[in-house]
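Just below is one structure, and these are the notes that go with it.
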Amino acid sequence: LAEHEYVDADILRTRFAVAMSNMYKAEVPLYGDLVSIVQGVNQSVLANDNTKDSVERITLERHGAIRLGSPYELQVVRRIFCLLGMFPIGYYDLSIAGLPMHATCFRPRDSQSLAKNPFRVFTTLLRPELLQSPEARERALSLLQQRKIFSDIFLDVISIAESQQSRFTYDQAEIFVNNALESFRWQSVAAATFDVYNTLKKEHPILADVVCFQTAHINHLTPRTLNIDLAQVAMQAHGMEVKDRIEGPPKRECPILLRQTSFLALQEAVSFASSSNHPEKLIDSYHKARFGEIEERGAALTPAGRKLYDELFDEAMEASRTTGQEMDETVAKAFTEYPDTWNELRQQGLIFCEFTPTGKRLPTHLAKRDEKRGEFLEQLVLAGIVSAAPITYEDFLPFSAAGIFQSNLGNSSSSAMGHKKPYPDQEGFVKSLGCAILDSNTLYASIQRKSIENCAHQLGLSAF
Ligand code: OOG
Ligand code: NI
């Protein structure tokens, strides 16, 4: 087949993300309200907006989350997302919050794909070895062994695309998207009996959500807001039950990383078989898992910037724990130490930037620069010859993710999470995934480096 008879992965990702969003709107109408609130806020702040990302990108932008039970499920999900141009980036250990889970984020990796549609999915995997009760572990593993999240047609079309250099024809793409929706759809009839559900829920509420259903239901989709403080007020005004604090850094002049908040998980009707001997006898009950989240994205931090962030954040958590002061207060206080102008952030090497020639001519005194003098790029920025735009943070934050998880399990105090003993197992995760995880810093650094090389080239300089 000719090139044009295959669907472009970036276009397919948008189609998939829009289809998921429509499905989730139908399933959780409050999510539709959230999207409207965010779009209203974004329109009102767009005039004096401080992000370089396009209005189109921001309007489409979503992240979702799924929770998987087994390495097999994770491997199929990896293949699905690869075909949508989304790759596993970063490792997140959620044992810091007492959760028997670890995670990665599937997302586009290069700046062109991110600019088209940065759809990302926070994907967690159960760690049965961290469960306390052997009985609960056994029950969970047996449910996972029996379930089939992906239909045969779906698995076939995935294999076919893989044999075509990871591309779909238009007809195949349609089958793929429709079947993907089925795998991530909500089901109001559980796969587990009511007894088993309750046993697993007692062991850990997250366990019941991960293993008791026939699908890997999407548990939230998050639109990006340009002003999370305004959006949160609007959510409250709309009568939503909002999480008690915004996760991540405090409000700043120069947004960094990621700030997130959510409306709390809804109680939803679910039926369970009363026993496996009588699967036809259903018990009507409830399950609480799905919620609505919003996020505001700022600049990606360099490893040095992240180190300072983590130090100040740890300090704030510790202060909150020992003094009982609100996290918001201790975080705001600790972060007075974090530079808050773009010039300082850039000059101190705390953020990643994308540099672009502005078109202004290079004055002769700068063209004849002294090679030994560093900071040449910085001089070009200050002289207005090159512009420096902070690169948007495209990833997640482990403590924020833990806080979001916990608030939806009924625990709201994120300061209590600080002293859980962490049990990261990145090697185990990679083994379950079946391929390497990409490092986000390498990706940000490469976008920055390429932009600098491009400036050098356009200005006729050998290098910086
Ligand atoms: C994932 C929670 C983490 C985020 O945005 O950090 C998350 C989950 O609840 O499965 O979505
Ligand atoms: Ni989320």
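Quick notes
- Test for residue 238: is it outside the structural domain of residue 305 (by TED's automatic domain parsing), farther than 25 Å from residue 124 by Cβ and out of contact with any Gly (no Cβ under 7 Å at 6 or more places or on another chain): yes
- The residue that is nearest to the chain's Cα centre (by Cα), among those in segment 438-449 that are touching a residue at least 40 places away in the same chain (Cβ under 8 Å) and assigned to a helix (DSSP H, G or I), is 440.
- Residue 95 being in contact with a Phe, Trp or Tyr (Cβ under 6 Å, 6 or more places away or on another chain) and assigned to a helix (DSSP H, G or I): yes
- All positions within segment 64-103 that are within 16 Å of ligand 1 (Cβ to nearest atom) and under 21 Å from residue 442 (Cβ atoms): 81, 86, 88, 89, 90, 91, 92, 93, 102, 103
- Residues that are under 24 Å from residue 242 (Cα atoms) and either modelled with pLDDT under 95 or among the β-branched types (Val, Ile, Thr) (or both), drawn from segment 293-311: 294
- Check on residue 322, surrounded by 14 or more Cβ atoms within 10 Å (Cβ to Cβ) and part of a helix (DSSP H, G or I): no
Here's the yes/no breakdown for (1) out of contact with any strand residue (DSSP E or B) (no Cβ under 8 Å at 6 or more places or on another chain); (2) closer than 25 Å to residue 63 by Cα; (3) without any contact (Cβ under 8 Å) to a residue 40 or more places away in the chain:
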{"position": "297", "(1), (2), (3)": "no, yes, no"}
{"position": "300", "(1), (2), (3)": "no, yes, no"}
{"position": "303", "(1), (2), (3)": "yes, yes, no"}
{"position": "309", "(1), (2), (3)": "no, yes, no"}
{"position": "313", "(1), (2), (3)": "yes, yes, no"}
{"position": "318", "(1), (2), (3)": "yes, no, no"}
{"position": "322", "(1), (2), (3)": "yes, no, yes"}
{"position": "340", "(1), (2), (3)": "yes, no, no"}
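This table checks each residue for (1) of a type in the set (Gly, Ala, Ser); (2) modelled with pLDDT of 85 or more; (3) at negative phi; (4) crowded, with 21+ Cβ neighbours inside 10 Å.
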{"site": "396", "(1), (2), (3), (4)": "no, yes, yes, yes"}
{"site": "408", "(1), (2), (3), (4)": "no, no, yes, yes"}
{"site": "418", "(1), (2), (3), (4)": "yes, no, yes, no"}
{"site": "423", "(1), (2), (3), (4)": "no, yes, yes, no"}
{"site": "433", "(1), (2), (3), (4)": "no, yes, yes, no"}
{"site": "438", "(1), (2), (3), (4)": "no, yes, yes, no"}
{"site": "445", "(1), (2), (3), (4)": "yes, yes, yes, no"}
{"site": "449", "(1), (2), (3), (4)": "no, yes, yes, no"}
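- Qualifying residue in segment 116-123 (condition: assigned to a helix (DSSP H, G or I) and either at pLDDT 95 or above or within 27 Å of residue 222 (Cα to Cα) (or both)): yes
- Search result, residues across segment 211-237 that are surrounded by 23 or more Cβ atoms within 10 Å (Cβ to Cβ) and more than 16 Å from ligand 2 (Cβ to nearest atom): 211, 212, 213, 226
- Yes/no for residue 266 being modelled with pLDDT of 95 or more, within 16 Å of ligand 2 (Cβ to nearest atom) and closer than 27 Å to residue 33 by Cα: no
- Condition met for residue 256 (within 15 Å of ligand 2 (Cβ to nearest atom) and under 20 Å from the mean Cα position of the chain (by Cα)): no
- Being within 13 Å of ligand 1 (Cβ to nearest atom) and of a type in the set (Phe, Trp, Tyr) is true of residue 106.
- Segment 170-224 holds helices (runs of 4 or more DSSP H) entirely within its bounds, and those carrying 2 or more residues that are closer than 18 Å to residue 274 by Cα map to 194-203, 205-211.
- Filter result for the condition that a residue is within 16 Å of ligand 2 (Cβ to nearest atom), closer than 26 Å to residue 35 by Cα and not in a helix (DSSP H, G or I), over 63, 102: 63
- The sole residue among 114, 74, 60, 125 that is assigned by TED's automatic domain parsing to the domain that holds residue 406 and free of Cβ contacts under 8 Å to residues at least 60 places away in the same chain is 60.
- Filtered by the rule that a residue be surrounded by fewer than 21 Cβ atoms within 10 Å (Cβ to Cβ) and either under 24 Å from the mean Cα position of the chain (by Cα) or part of a strand (DSSP E or B) (or both), segment 266-280 gives 266, 267, 268, 269, 271, 274, 275, 278, 279, 280.
- Count of segment 158-169 residues, restricted to those that are surrounded by fewer than 19 Cβ atoms within 10 Å (Cβ to Cβ) and not in a helix (DSSP H, G or I), is 4.
- In this structure, residue 377 qualifies as more than 16 Å from ligand 1 (Cβ to nearest atom) and at pLDDT 85 or above.
The values are calculated or read from the model by the stated rules, or taken from the named source; none is laboratory data. From a predicted model like this one, the values you see are computed outputs, not experimental measurements. Cβ: placed from backbone, ideal geometry, glycine included. Neighbour counts: every protein chain shown.
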